[in-house]
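K.L.:
Next up is a structure, given as structure tokens.
Derivation of every value follows stated rules applied to the coordinates shown; laboratory data play no part. Computed from a predicted structure; not experimentally measured. Don't worry about glycine lacking a Cβ; one is built from the backbone with ideal geometry, like all the others, and counts go over all protein chains shown.
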Amino acid sequence: GEALYCRLSVNCQLLAKVDQLMKVGRNNFRPPPKVESRVVRIELRNPPPPVNFTEWDGMIRLLFNRKNKTLRSVLMTKPTIKMLEENMRTHAAMNNEMMDDGAKVVQIIEEVTGMEAWDGRRASKLDLDDFLDLLAEFNKRGIHFA
């Protein structure tokens, strides 16, 4: 929930374990920088999490464009709805599935974002597990972000 929480933070948490090892003072550099420095260790998760990274990144990019807006507000914009409808049709065609005419993207977004776990939530306040659960819930209902 900090100001620095962003796509990079979430993607690092997904793919690696990051530990802060130590702080490095400004006086250790010439000329002294205007920022604080730290030494960190990044260990890749092995095996990587079982998630389609292209789709994951599509959702995270979309939600972090306006990270302080509610999930519903971010997802209910006309360009986003249009993109998700196109993705739904493409995914159905690639998997030789019949597209359910009753499957309306707006209705699915309303259902998912209206669930107790997501109602009124914002991307800036979600953790890694929340994002994974949100992606799984949308995928289960036929919404894909790539």
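K.L.:
Which angle from 0 to 90°, rounded to the nearest 10, does the C-alpha axis of helix 128-140 make with the longest principal axis of the chain?
P.N.:
Computed tilt is about 20 degrees.
K.L.:
Provide the net charge surrounding Arg26, with neighbours chosen by a C-beta distance below 14 Å and charges set as Lys +1, Arg +1, Asp -1, Glu -1.
P.N.:
+3
K.L.:
Sticking with this structure for a sec: Using 1/(1 + (r/R0)^6) with R0 = 41 angstrom and r between the beta carbons of Asp127 and Phe29, what's the FRET efficiency to the nearest 0.05?
P.N.:
0.75
K.L.:
Also, I was wondering about something else. Working out 0.36 nm times the residue gap between Arg45 and Leu15, then minus their Cα-Cα distance, what length gain in nm do you get to one decimal?
P.N.:
10.2 nm is the gain from fully extending Arg45 to Leu15.
K.L.:
Right, another one. Tell me, in nm to one decimal, what length is gained between Lys82 and Arg7 on full extension, where the rule is 0.36 nm per residue of separation less the Cα-Cα distance?
P.N.:
Values: separation 75, 0.36 × 75 = 27.00 nm, distance 2.28 nm.
Additional length available on full extension: 24.7 nm.
K.L.:
Sticking with this structure for a sec: Kindly express, to the nearest 10 degrees and within the range 0 to 90, the angle between helix 78-94's C-alpha long axis and the longest C-alpha principal axis of the chain.
P.N.:
70 degrees
K.L.:
Now for a separate question. The chain: longest stretch without exposed GluC sites (Glu not before Pro) (DSSP loop, at most 16 other Cβ within 10 Å), sites themselves excluded?
P.N.:
37-96
K.L.:
So for region 41-146, Kirkwood radius off the Cα pairs, Stokes-Einstein at 25 °C and 0.890 mPa s: how many µm² s⁻¹?
P.N.:
Estimated via Stokes-Einstein, D reaches 169 µm²/s.
K.L.:
Moving on. When the gyration tensor of region 91-140 is built from Cα positions, what are the square roots of 5 times its three eigenvalues, in whole Å, from largest to smallest?
P.N.:
After scaling each eigenvalue by five and taking roots: 25, 14, 7 Å.
K.L.:
While we're looking at this one, here's another question. When only Cα pairs under 8 Å and 6 or more residues apart are kept, what is the percent relative contact order across the chain?
P.N.:
Relative CO of the chain lands at 29 percent.
K.L.:
Which of the residue pairs Lys67/Lys125; Lys34/Lys125; Lys104/Lys140 have a Cα-Cα distance greater than 18 Å in the structure shown?
P.N.:
Lys34/Lys125
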